[in-house]
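Enquirer: Right, I'll just put the structure down here and ask away after.
The values are calculated or read from the model by the stated rules, or taken from the named source; none is laboratory data. Keep in mind the model is a prediction, meaning the values are calculated, not measured. As a convention, Cβ positions derive from the backbone with ideal geometry for all residues, glycine included, and neighbour counts pool all protein chains shown. Quick note on the areas: whole protein, heavy atoms, side chains included, nothing else; ligands and nucleic acids left out. Shrake-Rupley method; radii C 1.70, N 1.55, O 1.52, S 1.80 Å.
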Amino acid sequence: LMSRLMLVSNRLPVSIHVDQGRVAVSPSAGGVATGLRGPHERSTGLWIGWPGSVSALSGRQRFSLERQLLAQRLVPVFQTPDETKHFYEEFSNGVVWPLFHYRLDRIPLDAAGWQTYRSVNAKYARMIARHHRPGDLVWIHDYQLMLVPEMLRAHVPDARIGFFLHIPFPAADVFR
């Protein structure tokens, strides 16, 4: 049995555009998207991630988007605007990124977003579990999704899980 590669990242490697009411999906630029496009294209697996904000799309446009993503083996994990704000902006980029880059002066004293960070990571873990097949290799990427491996293990105990952190992990002194 050939194993599938399941790539998991905060963002899918596409950009969504609406032109004259029609939804179009095009490849996006960026480190993770560019670096993992080759392995995704060579595999028969899936890429799971956030497609970007779709709150303004009509039901028909969203259906069209999901069909286009499926044709590229891309699985969307939708987020509300509030989830994006708290999970991505406030916690991932407002707390984790500065912490891991030794920029403690940039971390707010009343750091917000932890509960949403946990709930969005759980949403990713559930989506991976829903699509997982025995033998799949799940490769999770970056600091936005650090809780997903443990959460996925609770859903799929025998899953083969890899995690790659694209930023430096700080020394223990930072946490003290």
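Enquirer: Would a scan of segment 36-47 turn up a residue that is under 23 Å from Ala125 (Cα atoms), in contact with a helix residue (DSSP H, G or I) (Cβ under 8 Å, 6 or more places away or on another chain), at pLDDT 90 or above and not hydroxyl-bearing (Ser, Thr, Tyr)?
Expert: Yes, because at least one residue in segment 36-47 is under 23 Å from Ala125 (Cα atoms), in contact with a helix residue (DSSP H, G or I) (Cβ under 8 Å, 6 or more places away or on another chain), at pLDDT 90 or above and not hydroxyl-bearing (Ser, Thr, Tyr).
Enquirer: Still on this model: Just give me the residues in segment 135-164 being among the aliphatic types (A, V, I, L, M), more than 18 Å from Pro76 (Cβ to Cβ) and without any contact (Cβ under 8 Å) to a residue 40 or more places away in the chain, in sequence order. First the steps, then the outcome.
Expert: The initial filter retains those residues of segment 135-164 that are among the aliphatic types (A, V, I, L, M), namely 137-138, 140, 145-148, 151-152, 154, 156, 159, 161.
Still in the running and more than 18 Å from Pro76 (Cβ to Cβ): 137, 146-147, 151, 154, 156, 159, 161.
Listed by number, the residues that qualify are Leu147, Met151, Ala154, Val156, Ala159, Ile161.
Enquirer: Considering only segment 73-107, how many residues are in a helix (DSSP H, G or I) and of a type in the set (S, T, N, Q)?
Expert: Narrowing segment 73-107 to residues in a helix (DSSP H, G or I): 81-100, 104-106.
Then drop every residue that is not of a type in the set (S, T, N, Q), which leaves 84, 92-93.
Total satisfying the criteria: 3.
Enquirer: Being open to solvent by 50 Å² or more (accessible area, probe 1.4 Å) and touching a residue at least 24 places away in the same chain (Cβ under 8 Å) narrows it down to one residue among Trp47, Trp97; which is it? Spell out the reasoning first.
Expert: On the way: Trp47 fails: open to solvent by 50 Å² or more (accessible area, probe 1.4 Å).
Criteria check complete, one pass: Trp97.
Enquirer: Among the numbered criteria (1) under 20 Å from Trp50 (Cα atoms); (2) crowded, with 18+ Cβ neighbours inside 10 Å; (3) over 14 Å from the mean Cα position of the chain (by Cα), which single criterion is violated by Gln115?
Expert: Exception for Gln115: condition (2).
Enquirer: Do any residues in segment 108-134 that are without any contact (Cβ under 8 Å) to a residue 40 or more places away in the chain have Cβ atoms under 9 Å from those of residues that are polar (S, T, N, Q), where the two are at least six apart or on different chains, and which pairs are they?
Expert: Within 9 Å, the pairs are Gly113/Ser92; Tyr117/Ser92; Tyr117/Gln144; Asn121/Gln144.
Enquirer: Of all residues being in contact with a Ser or Thr (Cβ under 8 Å, 6 or more places away or on another chain) and among the charged types (D, E, K, R) in segment 103-157, which is nearest to Ser92 (Cα to Cα)? Just the residue, please.
Expert: Asp142
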